[in-house]
Amino acid sequence: MRRDSSSPQAYREAVDGPQRELLEALRDLVREVAPDIPESIGSGMLDYPGLANLGAQKNYVSLYVAPAVLARHRDAFSGIDCGKSCIRFRRVEQVEPEAVRKLLTDVRAFRREVAAAGPRND
C-alpha cells in the first residue's frame, strides 16, 4: 500500500490501526540508532538515507536494509517473514529491540565501509 505523503509526519499520520504502533516502534529504534540521519519520504515510504526504509502495508510494516547485512542477521529474525532486503513485521510483539538495534548498527557500519572504500573500477 503506497502512501503519497508530502512529509514523514503526514505519512505517519496516514497509518492507522496496529500498523501505526508497529511503524512507530520501528521508527523509534531507527531514530535511536541514527538520530543524525534525516527522515524523509522516498519510494513512497519513510526513508533514512544510507540506513533503512520503513513501509506500512495493510497487514505489516516492512523494514528495508542492505541485503548483505540482513543475510548476516537473518537468524535473529527467525519466525518473521523476511525477503532479500526486508523484514515484514506483522505485530509489535515481533519487534525485538536489541536485534533491530544490532541490525541497524551493522547496516550503518557497512554503509560507512562501502563509502570509505570509494568507487570500484571493475
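No value in this document is a laboratory result; all are computed from the given coordinates. Keep in mind it's a predicted model, so treat the numbers as computed, not measured. Glycine also receives a Cβ, built like all others from the backbone with ideal geometry; neighbour counts cover every protein chain displayed.
Would you be able to say whether some residue in the range 30-47 is touching a residue at least 40 places away in the same chain (Cβ under 8 Å), over 15 Å from R101 (Cα atoms) and not in a helix (DSSP H, G or I)? Scanning the range 30-47, I find at least one residue that is touching a residue at least 40 places away in the same chain (Cβ under 8 Å), over 15 Å from R101 (Cα atoms) and not in a helix (DSSP H, G or I), so the answer is yes. The residue that is farthest from Q9 (Cα to Cα), counting only those in the range 58-81 that are in contact with a strand residue (DSSP E or B) (Cβ under 8 Å, 6 or more places away or on another chain) and not in a strand (DSSP E or B), is R74. If I filter the range 12-27 for residues that are touching a helix residue (DSSP H, G or I) at 6+ places or on another chain (Cβ under 6 Å) and under 21 Å from K102 (Cβ atoms), do I get at least one hit? Yes: one or more hits.
On the stretch given as the range 59-100, residues that are in contact with a Lys or Arg (Cβ under 7 Å, 6 or more places away or on another chain) and among the acidic types (D, E) total 1.
Of everything listed in (1) under 17 Å from V95 (Cβ atoms); (2) hydroxyl-bearing (S, T, Y); (3) surrounded by 13 or more Cβ atoms within 10 Å (Cβ to Cβ), the single unmet condition for S78 is (3).
For the range 15-74, residues that are of a type in the set (S, T, Y) and either under 15 Å from R88 (Cα atoms) or buried (at least 18 other Cβ atoms within 10 Å of the Cβ) (or both) total 4. Filter the range 82-107 for residues that are touching a residue at least 24 places away in the same chain (Cβ under 8 Å), part of a helix (DSSP H, G or I) and within 16 Å of D28 (Cα to Cα) and give the result. Scanning the range 82-107 gives V92, P97, A99, V100, R101, K102, L103, L104, T105.
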